[in-house]
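Have a look at the structure below before the remarks.
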């Protein structure tokens with residue numbers, strides 16, 4: 001099985017290389033905006049025409065002919081800018097078609113990129129324009145700098161991105177790998193419900209809570225947001241304040257990613273043989289303004305992506321099911337009842353089932369994924385009372401060939 005993996009390493013450019021990187025990113029941002037301006041004018045003149053790669057190439061050549069300074073950018077970096085804009089328009093036209101078909105989404109016309117939103121350049125091919133040798137990274141048009149390569153890159157490197165995060169710089173290599181996944185018999189599937197009270201609830205009765213990383217630093221983030229808002233645009237003091245704000249957000253994001261990586265790894269090696277999750281539509285969910293921030297901080301889709309690639313590498317599948325009424329439906333008899341968010345326990349009026357609402361939803365998710373062919377959890381057999389407040393931590397288990405498929409002792 002072919003798969004793409006990304007390797008992210010910290011790089012340490014000196015003052016000269018740092019200026020070269022910053023200038024390249026700034027020039028790329030201006031080139032992107034100029035291309036977007038020309039395509040917008042072309043679209044206004046002929047709204048029925050689509051912006052193709054050929055059209056953007058013509059605009060790119062015209063811009064370079066007008067201003068030769070853009071030739072300072074490496075050729076593949078210019079091609080990547082064209083590809084970024086092309087993908088943006090392709091997504092825009094796709095959303096337009098979905099909206100015409102009745103989908104309740106915003107088309108979202110392509111926007112200009114500010115300096116804060118454009119922070120990377122990409123060499124789209126490994127053709128000798130970059131290489132690592134003796135702990136140093138050499139990049140064409142930029143120079144050589146120290147790289148902290150903490151692990152080997154496995155596979156065929158396809159491209160390299162230099163990204164600026166605050167005052168730090170990173171090199172991200174994308175490599176194509178061929179992985180031979182083991183064949184695992186799907187005899188111990190599990191359903192996973194994503195929530196705010198419990199980060200995840202498993203159909204076997206476990207609930208896992210996510211530490212409130214954002215809440216712990218909310219006051220510090222709010223303070224720096226106020227400082228940035230008060231200071232004059234373009235001033236040095238405003239840029240310093242923005243740096244502090246970026247550092248606060250970076251700290252929260254790193255903590256959240258670390259938690260989700262460890263949790264998804266434990267699930268993938270915890271004795272389960274497949275996973276069933278909800279197909280979430282975050283854009284629709286955040287319309288509830290009282291819960292929007294909590295939903296975004298939960299990073300459900302990011303966790304599902306982490307779990308998916310780790311499970312697939314281990315030979316397991318992740319099934320996505322319709323999330324409609326998973327919390328309202330009885331996992332035993334299928335009755336539907338209204339469940340406000342304040343009600344944390346599901347009590348069925350028809351069959352008398354009592355269960356934590358999130359675990360009930362997880363069992364419904366598993367039931368939909370397995371189509372009623374798996375056994376106890378899938379069909380609601382051997383109904384039992386599962387109280388709230390189950391264990392909140394997964395024990396670190398490793399799949400053993402001799403015990404693979406057995407229910408983990410969690």
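The numbers here are math on the coordinates, done by the rules we state, and not lab data. Worth saying up front: this structure is predicted, and the values here are computed from it rather than measured. Cβ placement follows ideal geometry from the backbone for every residue including glycine, while neighbour counts extend to all protein chains displayed.
Below is a table of values for the structure above.
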item	result
The chain, relative contact order [Cα under 8 Å, separation at least 6], %	17
Mean shadow area of the range 268-372, taken as a quarter of the surface of its Cα convex hull (nm²)	7.5
Per-pair calculated FRET efficiency, R0 = 45 Å: residue 231 and residue 338 via Cβ, rounded to 0.05	0.40
Label corresponding to Rg and Dmax of the Cα atoms in Å when calculated from the structure given, among [x] 25.1, 76; [y] 20.0, 59; [z] 21.1, 59	[x]
DSSP bridge pairs, the chain: antiparallel proportion in percent, nearest 5	80
Residue-averaged 222 nm ellipticity for the chain, from DSSP H runs of 4+ at -39500 (n - 2.57), nearest 500	-13500 deg cm²/dmol
For the range 304-345, convex hull volume per residue from C-alpha positions, Å³	120
Pairs of Cα atoms farther than 17 Å apart, the range 99-192, %	68
Alpha-carbon centroid distance for the pair the range 106-144 / the range 22-50, whole angstrom	18
Compactness relative to 2.2 N^0.38 Å, alpha carbon Rg of the range 150-288	1.43
C-alpha long axis of helix 213-230 to longest principal axis of the chain, angle in °	30
Cβ crowding within 10 Å averaged over residues, with 340-352, 322-334 ranked highest first	322-334, 340-352
The chain: angle of helix 300-313 to the longest principal axis, Cα-based, in degrees nearest 10	80
Evaluated over the range 7-72, the Cα radius of gyration and Dmax, each in Å	16.0, 49
For the range 211-293, alpha-carbon Rg relative to the globular expectation (2.2 N^0.38 Å, N residues)	1.53
Ellipsoid equivalent to the range 189-379 - semi-axes via the Cα gyration tensor, in Å	37, 20, 12
Computed label-point distance, nm, for sites residue 302 and residue 107 using a 7 Å Cα→Cβ extension	3.2
Label-to-label distance, nm, for residues given as residue 148 and residue 345 (7 Å Cα→Cβ offset)	5.0
Added length on full extension, which subtracts the Cα-Cα distance from 0.36 nm per residue, residue 317 to residue 54	90.7 nm
Proxy reagent accessibility, fewest Cβ within 10 Å first, across 190, 252	252, 190
Ranked list, fewest to most other Cβ atoms within 10 Å of each Cβ, for 147, 336, 154	336, 154, 147
The range 2-178: relative contact order in percent, alpha carbon pairs under 8 Å with at least 6 residues between	36
Average projection area in nm² (convex hull over Cα atoms of the range 2-178, one quarter of hull surface)	12.3
Taking 358, 23 and counting other C-beta atoms within 10 Å, the order from fewest to most	23, 358
Nearest 10 degrees, 0 to 90: helix 236-268 Cα axis against the chain principal axis	40
